[in-house]
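Next up is a structure, given as structure tokens.
The values are calculated or read from the model by the stated rules, or taken from the named source; none is laboratory data. Only a predicted model underlies this, so the values are computations on that prediction, with no experimental measurement involved. So basically every Cβ, Gly included, is an ideal-geometry build from the backbone, and we count neighbours across all protein chains shown. When the accessible area is computed, the model is the full protein with side chains, heavy atoms only, and any ligands, DNA or RNA have been set aside. Shrake-Rupley method; radii C 1.70, N 1.55, O 1.52, S 1.80 Å.
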Amino acid sequence: MNTLKKLPIFLLLITFILYGLYNTMIYYNGYCYYGTHGIKVSELIIVTSKSNSIDYCRMLRESFNDDRIFSELISLEFYDGSAIDHSSVVRDLYNYYGSEIFWNRAKSLDRESKELVKIYLDFNR
């Protein structure tokens, strides 16, 4: 009987611990956590994209299932430090998919956008 009284407290404690671990994982991944994809997004990209009304985390999450969003994401234009951080995300996606699949998913890009993506990829070699 005494054990049953402690069960709600135990469950509440477990919930707080799991919530803390979840928030820690999200914090260390720039508030964008995608499990096995291992792509980290910097706070600078998040701040810059929000100021341009872009939900970068949502785009990244949806880009794994939608080629149009994938193409849109990798061809976003950033400047200064944000460009460096975005190029790192583009490189991580390139490494995740490999060259053939990456460019196949980006086939809808026009020539100018493809050149921008190539610049991002060359920057992080």
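Residue by residue through the range 74-84, note down the ones that are open to solvent by 10 Å² or more (accessible area, probe 1.4 Å), part of a helix (DSSP H, G or I), over 14 Å from Leu121 (Cβ atoms) and not acidic (Asp, Glu).
The one that is open to solvent by 10 Å² or more (accessible area, probe 1.4 Å), part of a helix (DSSP H, G or I), over 14 Å from Leu121 (Cβ atoms) and not acidic (Asp, Glu): Gly81.
Here's a follow-up. Cβ-Cβ under 9 Å, sequence separation 6+ or interchain: first residue in the range 58-70 and closer than 17 Å to Lys107 by Cβ, partner of a type in the set (Val, Ile, Thr) and open to solvent by 10 Å² or more (accessible area, probe 1.4 Å). Which pairs?
Note: pairs meeting the criteria are Ser63/Ile69.
Okay, residues lined up against (1) basic (Lys, Arg); (2) open to solvent by less than 30 Å² (accessible area, probe 1.4 Å); (3) closer than 20 Å to Lys114 by Cα:
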site	(1), (2), (3)
Thr48	no, no, no
Ile54	no, no, no
Arg58	yes, no, no
Asp66	no, no, yes
Ile69	no, yes, yes
Glu72	no, no, yes
His86	no, yes, yes
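Next question. For the structure I just gave you, tell me whether Ile69 is over 17 Å from Phe123 (Cα atoms) and among the aliphatic types (A, V, I, L, M).
Considered against the rule, which asks whether it is over 17 Å from Phe123 (Cα atoms) and among the aliphatic types (A, V, I, L, M), Ile69 comes out as yes.
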